[in-house]
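Notes for the one structure printed next.
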Amino acid sequence: MLFRSLRGFVSESVRREVVTGQEIDELAEKSELRHATIVFAGVCDFASFQNTHDEHQIFELLQSLLQASDEATRMFGGEIDKMIEDKIMIVFEHHGEDRDYQANAIKTALRIGELVFTRTGHRVAAGVNTGVVVAGIMGAAEARLSRTVVGDPVNLSARLASLATKRPDGGVIISGSLRDAIPAGHTCKKLPISSVKGKTQAVEAFAISTVASKRS
């Protein structure tokens, strides 16, 4: 009964922790360092679309992005953290022996792009990065509680997504730390950049592409 009553108040990750016996007030005060992979995904050239379409059409496009993100996370894992304007943020926290969470994050970004393009004809741009973040549950009295992550890895993921929006077909850009996690059937190409806006340290970025099938 408690689990059902929490559905509209807390996110799935918070419900899991409540079920383990921890009080909501205690959870909201906790934070911890975790390794996580973060996906930011948004519709390419959304600003232009917004300027030339009415509110209902804008809402429908964003709804398509959200629905595609939900389907992709149900398929590969992860959790939708939030929607920031026209961008979806999805988090894959590292749990125990799960060695596939990084590859699954990349698969999720690719799948979102496939679904949105098939349904709307719009391209999606996504950035994926991994690293140590501060994870915790944020919320307040009478407000929804949601687990979220913050830190430089999150910021770089958002910057990579912004970089992807400048490419004609959008696509998925990953950081160099994810190069070994590229899913089977895909390859990557190093981009000629060494920095991104807002970052002082050197950055390696790779664009993901699908390996062309060989014809007999």
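The values are calculated or read from the model by the stated rules, or taken from the named source; none is laboratory data. The shown structure was predicted, so the numbers you read here are calculated from the model rather than taken from an experiment. Note that each Cβ is placed from the backbone with ideal geometry, even for glycine, and that neighbours are counted across all protein chains shown. When the accessible area is computed, the model is the full protein with side chains, heavy atoms only, and any ligands, DNA or RNA have been set aside. Shrake-Rupley method; radii C 1.70, N 1.55, O 1.52, S 1.80 Å.
Charged neighbours of Glu114, selected by a Cβ distance under 11 Å, balance to +3 (K, R count +1; D, E count -1). What accessible area, in Å² to the nearest ten, does a 1.4 Å probe give for Thr118? Its accessible surface works out to 110 Å², give or take rounding.
The calculated FRET efficiency for the pair Asp54 and Arg167, based on their C-beta separation and a Förster distance of 25 Å, comes to about 0.35.
List, in the order given, every pair from Lys166/Lys190; Lys82/Lys190; Lys87/Lys189 whose Cα-Cα distance in the structure shown is over 19 Å. With Cα atoms farther than 19 Å apart: Lys82/Lys190; Lys87/Lys189.
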